[in-house]
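Below: the structure, in structure tokens.
The values are calculated or read from the model by the stated rules, or taken from the named source; none is laboratory data. These numbers were taken from a predicted model, which means no experiment stands behind them. No Cβ is skipped: glycine too gets one built from the backbone with ideal geometry, and neighbour counts run over all protein chains shown.
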Amino acid sequence: MGLFEKQFEDNVLTTNVDWLLNWCRLSSIWPMTFGLACCAIEMMAVGCAHHDIDRFGAGAFRASPRQADLMIVAGTVNFKMAERIKRLYDQMPSPKYAIAMGACATGGGPYYKYGYTVVKGVDRVVPVDVYIAGCPPRPEALLEGLMKLQEKIQASSVIRKPIHTV
Amino acid sequence: MNFQGIYDRIRSIQAPGVTGMDEPREPNPQDKKDKGRSGDPYVLVDPQRLPEFLECLRDDPSLKFELMADLTATDPSKEDGYLWINVQLLSLVRKHRLAVKCLLPKENAVMPSSVSVHRGAQWAERECSEMYGITFEGHPDPRNILLPEDWIGHPLRKDYEFPEEYHGISCK
């Protein structure tokens, strides 16, 4: 927020403005269309009517990183793709978030030992906010991860001084 | 045509490079070490003459193996000095199949490319080349197909050592 960046004390005005800005952000997390392997099928299921990610305002899958807030890394990341992922993440405008969906994106998954080209977790390439376990995770698990991300955004401060918790 | 018929035909037209054949067999009850062999019968061919052999089988009117269904390699063990080249041939007209194998020494893994005979061999040979370090002489496009261009080593070899890092990303 440029000029007001995290420099105000807590008071009724700033907390309410912060709450409003956070609410705006968490209610319209637009993910990037980005599926790498079988987890992407579950991600598509989340987008469909039965699970309906649109209930959380995150249903607008964008085809360009420049319009996206959230990168759902859904699937196996190999070294050839890792550089592209870094590049796409760098192209996303701040504030930006990343979800590592499934065992492969979290830590290499079944390819951990013998996968010669699989990156052992996408957190070696981009900073990850939420990890989702499963191989692949159920659609409900992805929704749970999204809600965790919303909690994280709700706890952040845009114009207030950040709350230091131990 | 069954395998015996195909093999007899290969022998009678004197297809180049044939060194033998092998068929699945039952284990020998007297000899405990003889476990027998399962799987398909195959024809063993000299790798340096594989393209000629494939061309001969493609053009023969009663064999007509006009489709190369697959070309792969295997590395059976670290001690063994040979790579196996496995070729699966299919005849759509005659409705029969044939497995062809070649033994290629690891120290000098160079063999002629089969692209001039079967154009579908291009990608299969590129994959074999990057995964096993086999050089196919006369291949029109010998780049890597799956691995990055600057990848070091051949991952499906038994003596492959995992890299420490690739472009600053840790591999361990």
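Structure notes:
- Residue that is farthest from residue B:6 (Cα to Cα), among those in region B:73-103 that are part of a strand (DSSP E or B) and β-branched (Val, Ile, Thr): B:74
- Criterion violated by residue B:69 - all others in (1) of a type in the set (Gly, Ala, Ser); (2) under 21 Å from residue B:1 (Cβ atoms); (3) surrounded by 16 or more Cβ atoms within 10 Å (Cβ to Cβ) satisfied: (3)
- Residue within region A:73-80 that is within 30 Å of residue A:9 (Cβ to Cβ) and not hydrophobic (A, V, I, L, M, F, W, C) present: no
- Test for residue A:55: is it without any contact (Cβ under 8 Å) to a residue 12 or more places away in the chain and either surrounded by 22 or more Cβ atoms within 10 Å (Cβ to Cβ) or basic (Lys, Arg) (or both): yes
- Checked against the criterion of being hydroxyl-bearing (Ser, Thr, Tyr), touching a strand residue (DSSP E or B) at 6+ places or on another chain (Cβ under 9 Å), touching a residue at least 12 places away in the same chain (Cβ under 8 Å) and farther than 20 Å from residue B:15 by Cβ, the candidates B:129, B:77, B:114 yield just one match: B:129.
- Residue list for region B:1-48, restricted to those being in a helix (DSSP H, G or I) and among the aliphatic types (A, V, I, L, M): B:6, B:10
- Residue A:45 being in a helix (DSSP H, G or I), within 14 Å of chain B (Cβ to nearest Cβ) and not charged (D, E, K, R): no
- Among the numbered conditions (1) within 15 Å of the chain's Cα centre (by Cα); (2) farther than 24 Å from residue A:143 by Cβ, the only one that residue A:70 does not meet is (2).
- Yes/no for residue A:23 being surrounded by fewer than 18 Cβ atoms within 10 Å (Cβ to Cβ), under 14 Å from the mean Cα position of the chain (by Cα) and in contact (Cβ under 8 Å) with a residue 40 or more places away in the chain: no
- If you go through region A:124-133 and keep only what is within 11 Å of chain B (Cβ to nearest Cβ) and of a type in the set (D, E, K, R), you end up with just A:124.
- Pairs, first over 15 Å from residue A:98 (Cβ atoms) in region A:30-41, second of a type in the set (Gly, Ala, Ser) and at pLDDT below 90, C-beta under 9 Å, six or more apart: A:41/A:35
- Number of the condition not met by residue A:75 [criteria: (1) over 30 Å from residue A:157 (Cα atoms); (2) within 14 Å of chain B (Cβ to nearest Cβ); (3) modelled with pLDDT of 90 or more]: (2)
- Some residue of region B:109-128 being of a type in the set (D, E, K, R), in a loop (DSSP other than H, G, I, E, B) and exposed (fewer than 13 other Cβ atoms within 10 Å of the Cβ): yes
- Within region B:154-172, considering residues that are in contact (Cβ under 8 Å) with a residue 12 or more places away in the chain, in a loop (DSSP other than H, G, I, E, B) and surrounded by 16 or more Cβ atoms within 10 Å (Cβ to Cβ), the one nearest to the other protein chains (Cβ to nearest Cβ): B:155
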